[in-house]
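Below you'll find the structure, written out as structure tokens, and then a few comments.
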Amino acid sequence: MFFDFKFWRYLTDQRTLMERLGGSAMRGFRLRVIGLFVSAVLLYALMNMWGIGTRDLTPITAMGSEETFALARILSLAGSILWALVYTAFHLYGISFILHKLTAIDYRKLVVLQLFVTAILLLEKAIVFIVFLVNGKAAPVSFLSFGPLAATFLTYPFLIYFLNQLSIGTAIVIAFQFRFIRFFQPEANRNLLWILLGLHIAMALITSLVGLIPADRWFTELFGGGAAVE
């Protein structure tokens with residue numbers, strides 16, 4: 001038997017989807033995967049063009065080199081698009097593989113789960129971006145996370161970046177994953193919840209460490225003439 005995969009319907013009716021995955025084949029899933037990648041690219045491209053994450057390119061403008069600045073902006077946009085593809089592919093396929101190894105659930109079923117998970121994470125980023133756009137200014141932390149609270153009393157960038165990764169979207173994703181896995185593995189106990197929490201904490205730690213890499217500053221120094229340029 002076949003059933004048509006409808007994203008918005010099964011986003012709110014997860015149980016029906018899980019029941020149908022148990023004995024039917026899907027139609028239209030690949031189209032939704034393509035749509036997910038396209039949405040991610042558009043979102044990251046729009047955020048980059050609006051200026052999010054490009055603050056360190058400003059010194060190039062002050063130096064008066066329009067050609068260099070234009071090239072830097074193009075490469076920065078290309079980098080954002082590449083990161084959108086890597087981010088989406090990792091959450092869609094990479095996390096599915098990790099969960100498959102941890103739970104022994106069919107990999108293809110977990111890819112379906114991660115399609116919703118990745119969409120939720122992208123939707124959270126889109127909401128934050130829209131709020132920034134409406135207010136005409138951005139912040140290095142998301143108001144949907146613990147980042148703003150951490151920034152009020154913490155001075156360590158790593159801890160702020162780490163807590164900024166723990167958001168409302170993260171909680172929704174963990175609940176989504178827990179319910180999905182429990183359906184196919186009724187015997188799963190509380191250890192599953194700890195495994196999911198540990199996985200997300202580990203990803204938050206890795207993301208925080210990557211965020212500390214001064215890639216934008218290195219990029220600026222490269223196109224601005226080297227580190228010696230003031």
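Rg and Dmax in Å for segment 71-181, alpha carbons only: what are they?
When restricted to Cα atoms, segment 71-181 yields Rg and Dmax of 16.2, 47 Å.
To make sure I understand the rule: partners must be lysines, Cα under 17 Å from the Cα of Lys101, and not fewer than 8 residues away in the same chain. Which ones qualify?
List returned: Lys109.
Students often check this: by mean Cβ neighbours within 10 Å, which of 180-186, 136-142, 153-159 ranks highest, and how do the rest follow?
Per-residue mean Cβ counts within 10 Å order the peptides as 180-186, 136-142, 153-159.
Based on the Cα coordinates of segment 92-133, what is the per residue volume of their convex hull in Å³?
It comes to 55 Å³ per residue, whole-number rounded.
Each value in this text was obtained by applying a stated rule to the coordinates, not by laboratory testing. Remember, it's a predicted structure, so these values are computed and weren't measured experimentally. FYI the Cβ positions are ideal-geometry reconstructions off the backbone, even for glycines, and counts take in every protein chain you see.
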